[in-house]
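The structure under discussion appears below in the form of structure tokens.
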Amino acid sequence: MLMIGHGEARLSVVLGEPLGGYIDRTEGVLGSIEPLEVHAISVGGDSSRLVLLIVDLICVNTDLVARIRAAADDLGVSRVWVSATHAHSTPEAGCYPGGAATPEALAERVVVSALVAIRSAIAAEEPGRVRAVRSIASGVGGRRNVPPDETPQVPIDVLLFEASGPAGQATRLRGMLVVSPVHPTVLPPDNRLTSADLTGGIRRALASEAEWVVAATGAAGDISTRTTRQARDTAEIDRIASRVADAVRSTLRAGADDEHPEGDASLAAPLAVTLDLPARPPLPDTADHAAEAPQDPFSARRQAVLEQGIALAEESRTRLSTTQHSVTIEIGVIDAVRLVAVPAELYLGLAEQIRAGYPAHPTVVLGYTNGYLGYVPDREAPLSYETVVSPVAAGSGEAIVEAALGLLAEADADANTTVAT
């Protein structure tokens, strides 16, 4: 039997502190459009408890993850996954390629809010089941570095947390975790008001569908609202979020097959593997890079951003001075659902390879989770800001896919062994 709970807390902001998300921001926080939030979803099994902690931040670095896990040690939690929504109107959290130290004052506030949310989630636990459904949303986001499709579509994965009664039958929908693989970047770089941006809009748009709604960001490395947004204000956030909500509602109204295996709901201990990925080699001369940039209707903007990326990449190489980057991939098993935690801005195509490579169970990839490596493109990705600032060499994305598939196979083997025993 699973015990499922949800809790939330506000994340306070400080006027004047730096905002994350855009290189050319030079001024700090002026105020808030909406409160920033920290959400905890607890899932407890017979002898373990996994907490998914989703924070309205641009990123979470490994030092912050370690602090939260240490603080939660005495709460009866076996493992905490910490995921950033990657909203670009949230405090700067050390979001640099390869990761950096989290500002101390911000880290302290996040830990306090995280503990409040986790305690609330555990206190609210009741028997439940978990299943996953997928919706396809159009006009929400598209590939950042190609002209927009006529009807760009992105997959929206939703974990449904259902209360269960006698014989484990679902009695009501308690909550949902909506995973959108789209950069939540509607508000512009000159905005100085904190906001959860698109992730906050998704929470609001689906609030009537369940007792609680949490929005997280998936493999959004090359997907954003750049080609689909019509404005850069709060009304546009709500317009795009409503398209996500409409797609999710359509799936829920149509009904989804029960993907639960026979028997009791279960939670397995997360599995993890650490990879040593080679650092990206030095970049060629800036002029040579600029000359390679494809020409399209977005070329002026892309050229300016590319030049920013080249400068950032060189600064990062000097700051990090390393030949490799260690990155830990984790797998969580909840009922029939498989969760994959990737501490990077993974390209969507790579996440879809993970899902397609292991069709035995519904698989959901969470990006920006348990650390921040930076962009991880696929091997064939064209030249762009994302590819030049990526701290790892070409082929690293495919190595992450292979590692995730190996963990998924290991989880399945462990489950089969447990059943046979």
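Please treat every number below as a calculation from the coordinates, not as lab data. Bear in mind the structure is a predicted one, so any value in this text is a computation, not a measurement.
Per-structure values
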read-out	value
Helix runs (DSSP H) in the chain reaching 27 Å along axis by Cα, Kyte-Doolittle at least 0.5	104-123, 396-420
The range 2-254 shape via C-alpha gyration tensor axes, a/c threshold 1.5	oblate
Listed residues GLY349, GLY221, GLY128, most fluctuating in the chain (Gaussian network, C-alpha, under 10 Å)	GLY349
Fluctuation leader among ALA167, ALA93, ALA196 - the chain, Gaussian network, Cα springs under 10 angstrom	ALA167
Per-residue [θ]222 nm for the chain (sum of -39500 (n - 2.57) over DSSP H runs n ≥ 4, rounded to 500)	-10000 deg cm²/dmol
